Amino acid sequence: MTDTSVYRQRHNETAEASRADADESVAVSERRRIAMLAPPWIPIPPPGYGGIEFVLALLCDALVSRGHEVELFCAPGSRSAAAVRPLLDRPHPESIERALFEADHVARAFAAIESASRPFDVVHDHSGYTALAMADRLGVPLAHTVHGPFDEDTSPYYAQHARKGSLVCISRAQARMAPAGADVAAVVYNPIDVDSWPLARSKEEWLLWVGRFVPEKGPQRAIAVAKAAGRPLVLAGTVQPRFERFFANEIEPHVDGTTVRFVGEVGGARKQRLFAEAFAFLMPIRWPEPFGMVMVEALAAGTPVLAFAQGAAPEIIEHGVNGFLVNDEHAMAALVDRAAEIDPGACRASAQRFSPRSVAEGYEAVYRAVAAAATSA
């Protein structure tokens, strides 16, 4: 059995294949040859957890459908409308951000890009930090999507290396936090294929929280909100290394299978059913979330979102239309029952602006700018 097969069997279902919009191709003069550089950790699309990998699944399919030639440098086991170019011998889902595998992956990608029989117009990097830092050694211009926050660790890195490529942020909130010297070329939101999500107009009584079990994501606050609101809560997600004690101390004592249920990591149709059936989705974050794909997934399934007004949440949630923005747990609990006033159809409609077509068009503008800058240089 291959390593990829083992990885897939760790999850209850394989993630649904992405479906790009049925787009008309762009003009021949606007078509690009794109080297899409994915992280080496997880196949595309991901069997379970994998936000960047879902983004790349949809983006690659949309770009190909619009006439671009895309090669996807990625983890083994990936599939895409793009030409798939796995580089390492296996995925590394248990070693995310380990420098050894990222450096090996990027070095192999750079070698393949530079030795290609036909030159690429642009490298679009989502792989981490190595590629941007070394982009001035590459003979092809590079666009780098910033998938994480600008914080005390990453800000010095971007201040030093941003000039080597074109930075793309995934929300205006994230872009505002860019350090001096790190010029942001564009803001392009992450995509979702709304039509691939079920719409449930009849909801269950329980609330939903999905994510990584870390303090800043707020699963402990979701428990407090659900108890104050008198509703059951379903918790889904991963307990990553170094956070086992947080889960054992702050989450596990509340899990009783009735008022609080922990269902582990979910993917595919099961994940979609959870989002569609939930009475409301809780997003009690205490950090500058760069985007928050789980909010958009809830909206696509017709489920209102109650979120703290931090990070990109105010760009996604329209107060009283597709959910509510609040400042703390008490305010969130007080508004839970009012989620019944939110029209599931309005939630779903609000997610349409994150369509793969819209996102592909945003990146096409980035590629045009990159190509123009390379020509003028």
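The values are calculated or read from the model by the stated rules, or taken from the named source; none is laboratory data. Since we're looking at a predicted model, the values are computed, not measured. Neighbour counts are summed over all protein chains in view; Cβ atoms, including those assigned to glycine, are modelled from backbone coordinates with ideal geometry.
The single condition among (1) in contact with a Gly (Cβ under 8 Å, 6 or more places away or on another chain); (2) over 30 Å from Phe262 (Cα atoms) that Ala200 does not satisfy is (2).
Restricted to strands (runs of 3 or more DSSP E) entirely inside the range 217-293, those with at least 1 residues that are in contact with a Phe, Trp or Tyr (Cβ under 6 Å, 6 or more places away or on another chain) and within 25 Å of Ala57 (Cα to Cα) are 233-238. Scanning the range 305-352 for residues that are part of a helix (DSSP H, G or I) and within 16 Å of Phe291 (Cβ to Cβ) yields Ala313, Pro314, Glu315, Ile316, Ser350. Of all residues in the range 195-221, exactly one satisfies the criterion of being crowded, with 22+ Cβ neighbours inside 10 Å and of a type in the set (Val, Ile, Thr), namely Val210. Examine the range 248-255 for a residue that is charged (D, E, K, R), under 24 Å from Pro344 (Cα atoms) and touching a Pro at 6+ places or on another chain (Cβ under 9 Å), and state whether such a residue exists. Checked against the condition, which is being charged (D, E, K, R), under 24 Å from Pro344 (Cα atoms) and touching a Pro at 6+ places or on another chain (Cβ under 9 Å), the range 248-255 yields no hits at all.
Of all the criteria given as (1) more than 16 Å from the chain's Cα centre (by Cα); (2) in a helix (DSSP H, G or I), the one not satisfied by Ile34 is (2). In the range 86-106 there is no residue matching the filter, namely being in contact with a Leu (Cβ under 8 Å, 6 or more places away or on another chain), among the polar types (S, T, N, Q) and in contact (Cβ under 8 Å) with a residue 24 or more places away in the chain. Taking (1) under 23 Å from Leu282 (Cβ atoms); (2) in contact (Cβ under 8 Å) with a residue 60 or more places away in the chain in turn, Ser166 satisfies each apart from (1). Screening Ala224 on (1) surrounded by 16 or more Cβ atoms within 10 Å (Cβ to Cβ); (2) without any contact (Cβ under 8 Å) to a residue 60 or more places away in the chain shows it passes everything except condition (2). Residues in the range 78-129 that are buried (at least 19 other Cβ atoms within 10 Å of the Cβ), polar (S, T, N, Q) and out of contact with any Phe, Trp or Tyr (no Cβ under 9 Å at 6 or more places or on another chain): Ser78, Ser80. The set of residues in the range 60-84 that are of a type in the set (D, E, K, R) and more than 15 Å from His124 (Cα to Cα) comprises Arg66, Arg79. A single member of Ala159, Ala200, Ala173 is in the same structural domain as Cys60 (by TED's automatic domain parsing) and over 16 Å from the mean Cα position of the chain (by Cα), and it is Ala159.
Quick check on Ala185: is it in contact with a strand residue (DSSP E or B) (Cβ under 8 Å, 6 or more places away or on another chain) and either crowded, with 17+ Cβ neighbours inside 10 Å or not in a helix (DSSP H, G or I) (or both)? It is true that Ala185 is in contact with a strand residue (DSSP E or B) (Cβ under 8 Å, 6 or more places away or on another chain) and either crowded, with 17+ Cβ neighbours inside 10 Å or not in a helix (DSSP H, G or I) (or both).
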